[in-house]
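Everything below concerns the one structure shown next.
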Amino acid sequence: MQACNQNETICFLGSPRAFGDCAGRARTVSTHISVVLLLGSRALKLKRPVALPYLDLSTPERRLAMCERELMLNRRTAPELYRAVHRITREGDGSLTLNGQGKLVDAVLEMKRFDDSLLFDRLAQERQLTSSDMAALATSIAEFHRSAAIAEGGDGAARMGRVLSVNERAFAATSLLAPAEVAQVNAACRTALTRHAGLLDQRARDGKVRRCHGDLHLRNICMVDGKPLLFDCLEFDEDLATTDVLYDLAFVLMDLWYRRRETLANALFNRYLDATGDEAGLRLLPFFMAVRAAVRAHVTAASATGNEPSSAWKLAEAQAYLELCLTLLERRPPILVAIGGYSGSGKSTVAAAVAPKLGPAPGARIAASDRLRKRLFGVSPETRLPEAAYSEEASARTYQAMAEAAANALSQDHAAIADAVFDRRIERDRICEVARHAGVPFRGLWLDAPEEMLIRRVAERLGDPSDATSEVIRAQLARKGAATDWTRLAAQADGRTVADAAIAAIGAGTTVQAAWPAPAPASGTLSSSAIL
């Protein structure tokens with residue numbers, strides 16, 4: 001319900017009387033609860049005077065309180081973007097002013113304006129996001145989750161149940177989606193909730209339910225000064241924003257998956273788990289991603305009203321989200337794939353390309369010896385280790401950790417990839433035994449490449465977790481430990497060709513991705529704060 005008209009306030013904010021140093025023609029971006037004026041170096045966010053079932057902004061006092069809360073919450077992740085809240089008052093002569101002595105008319109949140117071409121939804125659409133960006137984003141999210149306030153109690157399942165109830169009410173309020181498919185989505189989500197209730201409650205007791213971002217999709221992440229910043233968190237509903245940290249992560253994972261950026265989603269997922277060690281909730285991710293897709297379905301459908309040209313597109317998008325929800329909830333069989341080869345043969349590149357195709361979303365958990373070794377020694381993946389870290393004892397510990405990581409993923413019905421040299425029979429037998437013990441298929445792949453190519457590739461590496469040198473490669477070759485018992489693939493070709501050959505060799509262990517046509521995001525949008 002629209003409570004009043006804000007035209008006067010908007011005109012005032014765009015005039016020299018408000019922010020004289022950036023007066024001029026403003027570009028306006030609208031959502032159903034906010035109007036953002038992009039003016040000079042500022043972005044001015046005005047709450048609409050609306051009264052909705054889940055949000056009441058009908059009075060100036062409520063809008064002021066919500067602006068102040070938004071400022072406080074978003075300064076947790078983007079203090080450089082969120083500047084101040086200004087009161088808009090009507091003075092004795094009838095004019096509006098900022099922070100005057102008169103009656104409160106409205107409130108506005110002042111933000112630093114950033115280049116909206118660097119929003120992650122734009123970068124994803126233009127295929128400009130990289131695995132390095134995902135590593136940086138994983139670090140940002142992990143650091144935020146680590147410091148976020150922990151919720152008391154063990155009501156993890158009940159919290160997710162309330163999310164499903166919100167979804168069900170929202171679906172009931174729109175008649176645009178097929179009732180049979182909506183019913184199927186609701187039932188599938190409820191079934192999954194029942195299956196995971198015990199784990200959800202345990203994670204809540206373990207401190208994994210926190211006051212998160214709550215609206216962590218690609219459009220609420222931007223690149224500022226070369227670093228991903230999380231902004232525009234969910235400020236108006238503490239209950240919905242207080243959730244399992246993996247459900248928070250699941251929004252951006254789902255967003256990438258929907259846009260057919262599965263490789264990026266898998267990279268973000270793996271780097272986040274590397275940073276947090278939060279392996280115990282792995283089995284929840286397909287459910288969490290599915291619920292996020294259902295949220296997007298009803299929010300998008302609700303915006304497809306009237307005879308606007310965009311309505312048909314929005315309805316098609318909402319339908320695609322419904323289909324994605326059901327696809328994510330389908331069971332995908334776990335599998336263990338081991339990728340071996342001498343340093344420089346392209347193991348990690350092939351693993352990253354293959355992982356999204358294996359098991360349930362967001363693809364296989366990659367247990368890479370280079371990263372695990374660094375973790376065991378308590379250093380970052382890019383930190384070079386001394387020679388002692390590559391002793392037989394240290395290597396045995398690394399391979400043991402890799403086997404345990406793979407076994408953990410498989411125990412949660414997830415796929416796993418073990419990425420290591422594997423030039424010793426004992427290590428190949430050990431990783432094969434992990435699959436046998438879990439009762440899942442195993443595929444062992446060995447990447448072959450000539451010595452000169454291995455040496456060249458290693459020499460060209462920058463910021464790589466591997467510490468291999470040309471001397472290391474020559475020592476590996478001298479051991480003559482190539483895996484004759486695994487499927488051997490020629491690694492001289494380009495990465496895509498080798499990855500396709502690896503997928504063909506894995507065979508029945510792959511999954512077929514659903515071929516929904518992901519519509520391009522609407523242009524000119526800054527944020528979709530309606531997303532739950």
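What number of residues within the stretch 180-227 are among the β-branched types (Val, Ile, Thr) and over 27 Å from ALA151 (Cα atoms)?
Counting residues in the stretch 180-227 that are among the β-branched types (Val, Ile, Thr) and over 27 Å from ALA151 (Cα atoms) gives 3.
Out of the residues in the stretch 91-120 that are under 12 Å from PRO60 (Cβ atoms) and surrounded by fewer than 18 Cβ atoms within 10 Å (Cβ to Cβ), state the one that is nearest to the chain's Cα centre (by Cα).
Per the criteria, the residue is LEU104.
Going through the stretch 18-51 one residue at a time, which ones are basic (Lys, Arg) and either closer than 27 Å to ALA170 by Cα or loosely packed, with under 15 Cβ neighbours inside 10 Å (or both)?
ARG25, ARG27, LYS45, LYS47, ARG48
Take PRO386 and tell me if it is under 24 Å from the mean Cα position of the chain (by Cα) and farther than 18 Å from ALA502 by Cβ.
So PRO386 does not fit the description; no.
Which numbered condition trips up TYR321, out of (1) farther than 30 Å from ASP429 by Cβ; (2) assigned by TED's automatic domain parsing to the domain that holds GLY444; (3) not small (Gly, Ala, Ser)?
TYR321 satisfies every listed condition except (2).
Which residue, of GLY439, GLY463, GLY507, is surrounded by fewer than 17 Cβ atoms within 10 Å (Cβ to Cβ), on the phi > 0 side of the Ramachandran plot and at pLDDT 95 or above?
GLY439 is the lone residue from the list that is surrounded by fewer than 17 Cβ atoms within 10 Å (Cβ to Cβ), on the phi > 0 side of the Ramachandran plot and at pLDDT 95 or above.
Please list, ordered by residue number, the strands (runs of 3 or more DSSP E) wholly in the stretch 16-133 having 3 or more residues that are in contact with a helix residue (DSSP H, G or I) (Cβ under 6 Å, 6 or more places away or on another chain), of a type outside the set (Phe, Trp, Tyr) and touching a residue at least 60 places away in the same chain (Cβ under 8 Å).
The strands (runs of 3 or more DSSP E) meeting that bar are 42-47, 103-112.
Kindly list the number of the only condition in (1) in the same structural domain as TYR247 (by TED's automatic domain parsing); (2) modelled with pLDDT of 95 or more that fails for VAL354.
Result: VAL354 fails condition (1) only.
Is one or more of the residues making up the stretch 253-268 within 26 Å of GLY198 (Cβ to Cβ) and in contact with a strand residue (DSSP E or B) (Cβ under 7 Å, 6 or more places away or on another chain)?
No; the residues of the stretch 253-268 include none that is within 26 Å of GLY198 (Cβ to Cβ) and in contact with a strand residue (DSSP E or B) (Cβ under 7 Å, 6 or more places away or on another chain).
Quick grid of which residues meet (1) within 21 Å of ARG428 (Cα to Cα); (2) surrounded by 13 or more Cβ atoms within 10 Å (Cβ to Cβ); (3) not assigned by TED's automatic domain parsing to the domain that holds ALA353:
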{"position": "THR469", "(1), (2), (3)": "no, yes, no"}
{"position": "LYS480", "(1), (2), (3)": "yes, no, no"}
{"position": "TRP486", "(1), (2), (3)": "yes, yes, no"}
{"position": "ALA491", "(1), (2), (3)": "yes, yes, no"}
{"position": "ILE503", "(1), (2), (3)": "yes, yes, no"}
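Working carefully through the options ILE426, ILE431, find the one that is crowded, with 22+ Cβ neighbours inside 10 Å, more than 26 Å from the chain's Cα centre (by Cα) and part of a helix (DSSP H, G or I).
Answer to the check: ILE431.
Before we move on, is ALA136 in a helix (DSSP H, G or I) and more than 29 Å from ARG42 (Cβ to Cβ)?
no
With the requirement that a residue be aliphatic (A, V, I, L, M), surrounded by 14 or more Cβ atoms within 10 Å (Cβ to Cβ) and farther than 15 Å from THR9 by Cα, what does the stretch 52-84 give you?
Answer for the stretch 52-84, where residues must be aliphatic (A, V, I, L, M), surrounded by 14 or more Cβ atoms within 10 Å (Cβ to Cβ) and farther than 15 Å from THR9 by Cα: LEU52, LEU55, LEU57, ALA65, MET66, LEU71, LEU73, ALA78, LEU81.
Report, by residue number, each residue of the stretch 301-343 that is closer than 18 Å to ALA290 by Cα and acidic (Asp, Glu).
The answer is GLU317, GLU323, GLU330.
When you go through (1) at pLDDT 95 or above; (2) more than 19 Å from the chain's Cα centre (by Cα) one by one for ALA170, which number turns out not to apply?
(1)
The values are calculated or read from the model by the stated rules, or taken from the named source; none is laboratory data. This structure is a prediction, so every number in the text was calculated from the model and none was measured. Counting neighbours? That spans all protein chains shown, and the Cβs are built from the backbone with ideal geometry, glycine included.
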